[in-house]
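Working notes for the structure below.
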Amino acid sequence: MYVKRIALALLFVVVIQGVFFALLPPLFPEQYGAFFEILRPDLQSAPNLMAIAVGYLVTISLACFVFMKAYQNKGLAEGARFGLVMGSLLASAEWFHSIILPLPLDFAVITVIDTIIVWVFSGIVLAFFLKPK
């Protein structure tokens with residue numbers, strides 16, 4: 001019954017996260033330049049790209065599952081609150097990851113803000129698609 005709506009919600013959340021991921025490097029070239037400098041050469045990191053994509057898909061799927069189980073039918077604001085909680089949790093992990101690596105502090109701040117914003121939008125999308133009809 002919910003399979004189409006769940007699949008559509010997952011698709012839109014993946015698109016939202018992909019758009020933010022694609023837009024940030026051109027908006028902040030100096031900060032992301034430092035990030036790209038510490039990555040492995042292309043041929044060494046290519047096998048890891050699929051693992052990263054699968055990891056994001058698992059994270060998004062689990063967020064969708066958690067949202068469905070806790071949904072109280074309070075509208076888009078509930079989705080925004082859920083996104084804020086998920087974004088804050090994941091942003092804290094991003095913060096520590098960015099601090100451990102030799103990256104500028106402004107990159108870490110941009111990553112944290114981006115993670116929270118992306119997940120707030122993702123929560124709103126989940127609330128929109130997973131509301132009972």
Under 16 Å from the Cα of residue 69 - aspartates and glutamates, other chains or at least 8 residues apart: 78
Cβ-derived FRET efficiency at R0 22 Å, residue 7 paired with residue 28, nearest 0.05: 0.10
Convex hull projection area averaged over all views, region 1-123, Cα basis, nm²: 8.3
Percent RCO, i.e. relative contact order, over the chain, from Cα pairs under 8 Å lying at least 6 residues apart: 39
Label-point separation in nm, residue 77 to residue 14, each point 7 Å along Cα→Cβ: 3.3
Residues residue 65 and residue 99, FRET efficiency given R0 of 22 Å [Cβ-Cβ distance, rounded to 0.05]: 0.15
Helix runs (DSSP H) in the chain reaching 30 Å along axis by Cα, Kyte-Doolittle at least 0.5: 3-27, 42-70, 76-100, 105-130
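Only the coordinates and a few stated rules stand behind these numbers; no lab work does. In this text the structure is predicted, and so the values were computed from the model without any measurement. Positions of Cβ are backbone-derived with ideal geometry, glycine not excepted, and every protein chain shown enters the neighbour counts.
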